[in-house]
Structures are given as structure tokens and as C-alpha cells.
Amino acid sequence: MRAIAIDDFGGPERLHEAELPDPEPGPGEVRIRIACASVNPVDWKIREGWLKGLFPHRFPLVLGWDAAGTVDRVGEGVERPAPGTRVFAYCRKPEVQWGTYAEHVVVPADHVAEIPEGLGFPAAAAIPLTALTAWQALFDFADLGPGQRVLVHAGAGGVGGMAVQLARHAGASVCTTARRANHDYVLGLGADHAIDYTETDFREAVRELAPEGVDVVLDAVGGETLARSYELVRRGGTLVSIVEEPDAGRAERLGIRAGFVFVRPDGGQL
Ligand SMILES: NC(=O)c1ccc[n+]([C@@H]2O[C@H](COP(=O)([O-])OP(=O)(O)OC[C@H]3O[C@@H](n4cnc5c(N)ncnc54)[C@H](OP(=O)(O)O)[C@@H]3O)[C@@H](O)[C@H]2O)c1
């Protein structure tokens with residue numbers, strides 16, 4: 001198969017087209033003939049070698065963790081999805097090597113989901129990693145529910161945009177940080193309030209909207225943004241970051257729950 005691979009860590013110039021062996025599905029696995037793959041920030045983090053301490057990496061390494069396409073082979077014991085089914089999946093595996101910038105990818109059958117009718121491959125490929133991250137942070141970790149207030153940082157980003165839509169759909173009241181040029185976009189996704197983090201201190205804007213604090217903050221930026229977010233959470237509320245591990249001591253002193261979520265594949269949830 002043709003793929004875009006790297007043979008060593010480094011900059012974008014390391015990416016090259018390669019002819020690599022076609023993967024075969026093992027027991028419990030399916031092979032997807034990829035129609036579209038999407039690009040996520042994690043791809044360049046892998047390419048640069050930032051994640052090499054977290055998982056074993058092997059070369060040649062094909063980047064890409066998101067795919068949409070058609071099942072073309074199934075391994076032993078797999079009844080569903082059947083060959084010919086249009087599927088999408090978050091394709092992270094315990095070892096980083098065979099990603100989705102390729103013609104084929106093999107993944108466990110329970111990591112894939114059928115693409116809903118009416119959704120094309122390009123849009124479907126953009127969903128798995130970002131949507132699963134937003135879902136697992138907001139609902140599995142933070143237990144966000146109807147009537148609660150949530151601050152979503154970076155609502156114009158891939159994960160933030162999913163989080164705004166999912167939180168709104170769950171009946172929460174959503175404020176989000178985004179540069180002004182993106183305000184129409186995030187309001188269109190369902191945010192109740194958009195805060196321009198480039199012109200104002202988002203803490204002041206959030207305190208005006210929720211003087212007693214918000215129930216949940218989802219941080220998709222890290223650094224200063226995370227550091228300034230602790231005091232915006234009400235006592236008993238939750239701060240969840242997808243970029244870095246929050247300071248547990250600071251959270252405890254404030255009486256809030258805080259944690260880092262790393263997205264895991266889950267075809268059922270998808
Ligand atoms: N832990 C996990 O499992 C997990 C999963 C997915 C992603 N991530 C990480 O989460 C981060 C975001 O991922 P993504 O896919 O959503 O990225 P993305 O699509 O590239 O979005 C980045 C967004 O950040 C916004 N932004 C930049 N600085 C900001 C600030 N100071 N305040 C508010 N918004 C700001 C930008 O919006 P404007 O244009 O409005 O400035 C941009 O739209 C990345 O670091 C990624 O690696 C982690």
C-alpha cells in the first residue's frame with residue numbers, strides 16, 4: 001500500500017511517500033480501506049518525538065490516528081462490521097507505527113463505528129479523535145449534566161468545537177474562549193457566550209457570567225490558560241485538561257476535582 005511515513009523523528013520534511021506491506025487483520029480486527037484521514041495536533045507531536053516516552057514507536061512510522069473508509073477484510077471471529085460497511089474510527093494502538101496516512105489500517109473491530117447515513121467520508125474522518133476526547137472529558141470525567149455551566153477553552157478548535165456542540169446538546173449553558181473572528185462560528189455551534197481571549201482577560205468575563213463559578217472547565221490550551229482557570233470553577237466543580245496534568249494540590253485547596261484525560265478508542269461511544 002501507499003502511505004506517508006517517517007523514518008526518524010523531526011520536522012515536516014521527514015514526511016515522505018512510501019510503499020509498505022498491506023496490513024492483514026488478526027483475530028477480532030478489521031481492515032479499513034481508508035477514504036479520508038484527518039490531521040490532528042498529536043500527529044506533529046508524534047513526528048517530533050514528543051510522545052516517545054508514552055508508547056513504543058517503530059519505524060517506518062505512518063502518522064495519523066483518524067480514519068473514515070470501508071471495511072474490506074475482517075479477522076477471525078468478527079461478525080460486525082461486515083466487509084463493505086462504511087466506518088470511522090480513532091485508530092490509536094498500543095504501539096505507534098501503522099497510522100492512517102495510508103491506504104489501509106487495521107484496528108480492533110470494537111474501535112470502529114458505522115458512519116451515519118448522509119455523512120460523507122471527509123466529515124466523518126474529522127470526528128473520531130476530537131469527538132471522543134470531548135465526550136470523555138465532559139461526560140466520563142466531568143459528569144456534565146443539563147442546567148450546568150461549562151467553560152470550554154478554544155471553542156474554535158477541533159476538540160473545543162465538538163465540546164461546545166455536545167455540551168449544548170446535553171442541556172448545559174456554554175461559554176467559550178475564541179478570537180473574535182471565530183465568534184460567529186462558535187455561537188453557531190451552540191455556545192451561549194463567546195469570550196475573546198486576545199482582547200480581554202477571560203477570568204473577568206467568566207466571573208461576570210457566573211459569579212459563583214462554573215460547574216466545569218474544559219481546558220484544551222494548557223499553560224497560562226489552565227493556570228488561570230482553577231478559580232473559575234465553583235467549589236465541588238470539575239477542571240479537566242486534555243493538554244497537561246493539572247496541579248492536584250491547588251485543586252484540593254480550592255475544593256475542586258481536577259484531572260487530565262487522554263482519549264481512548266471506543267467504537268460504542270463513537
Ligand atoms: N488528551 C487528549 O486525549 C487530547 C485529544 C485531542 C487533542 N489534544 C490536545 O488538545 C489541544 C487542542 O487540540 P485541537 O485538536 O482542538 O487543536 P486545534 O484544532 O488545532 O485548535 C486549536 C485552537 O486553539 C485556539 N487557541 C489557541 N490559543 C488559545 C488560547 N490562549 N485561548 C483559547 N483558545 C486558543 C485556536 O482558536 P482561535 O483561532 O480562536 O484562536 C485554535 O482554534 C492540542 O494540544 C492537542 O494535542 C489532547
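The values are calculated or read from the model by the stated rules, or taken from the named source; none is laboratory data. Remember, predicted model here, so these are calculated numbers, not experimental data. With ideal geometry, Cβ positions are generated from the backbone for all residues, glycine too; neighbour counts draw on all protein chains shown. Calculation scope for accessible area: heavy atoms of the full protein, side chains included, ligands and nucleic acids excluded. Shrake-Rupley method; radii C 1.70, N 1.55, O 1.52, S 1.80 Å.
Details
- Averaged over its residues, the chain has an accessible area of 47 Å² per residue, based on protein heavy atoms and a 1.4 Å probe.
- Gain upon complete extension [Thr200, Lys93; 0.36 nm per residue less C-alpha separation]: 34.4 nm
- Ellipticity estimate at 222 nm from DSSP helix runs (n ≥ 4, -39,500 (n - 2.57)) divided over the chain, nearest 500: -6000 deg cm²/dmol
- Shape call, region 129-260: gyration tensor on alpha carbons, a/c limit 1.5: rounded
- Sulfur and carbon atoms: percent of accessible area, the chain [1.4 Å]: 50 percent
- Of the peptides 162-170, 206-214, the order by per-residue mean of other Cβ atoms within 10 Å, starting with the highest, comes out as 162-170, 206-214.
- Alpha-carbon centroids, region 80-125 and region 141-205: separation in whole Å: 28 Å
- Rounded to the nearest 20, the Cβ-based charge dipole of region 2-125 about its Cα centre (Lys and Arg +1, Asp and Glu -1) stands at 240 debye.
- Per-pair calculated FRET efficiency, R0 = 51 Å: Ala82 and Ala227 via Cβ, rounded to 0.05: 0.55
- The slack in the chain from Arg179 to Met1, taken as 0.36 nm per residue of separation less the alpha-carbon distance, amounts to 60.0 nm.
- When the chain is treated as a GNM with alpha-carbon contacts under 10 Å, the residue of Glu252, Glu13, Glu79 showing the greatest mean-square fluctuation is Glu13.
- Among Val78, Leu54, Pro21 - extreme Cα towards positive end, dipole of region 2-125, charges at beta-carbon: Leu54
- Unit charges at the beta carbon, dipole of region 2-125: most positive-side option, Pro12, Ala124, Val30: Pro12
- With a simple spin-label model that places each label point 7 Å from the Cα along the Cα-to-Cβ direction, the separation between Glu19 and Arg253 comes to 6.2 nm.
- Accessible area in the full protein assembly, largest first, 1.4 Å probe, for Val243, Val106, Val39: Val39, Val243, Val106
- Taking Cα centre as origin and charging only the Cβ of basic (Lys, Arg, +1) and acidic (Asp, Glu, -1) residues, the dipole magnitude of the chain rounds to 300 debye.
- Label point distance in nm, Phe139-Leu54, each placed 7 Å from Cα along Cα→Cβ: 2.3 nm
- Residues considered: Val221, Val150, Val87. Largest GNM mean-square fluctuation over the chain, using C-alpha springs under 10 Å, is found at Val221.
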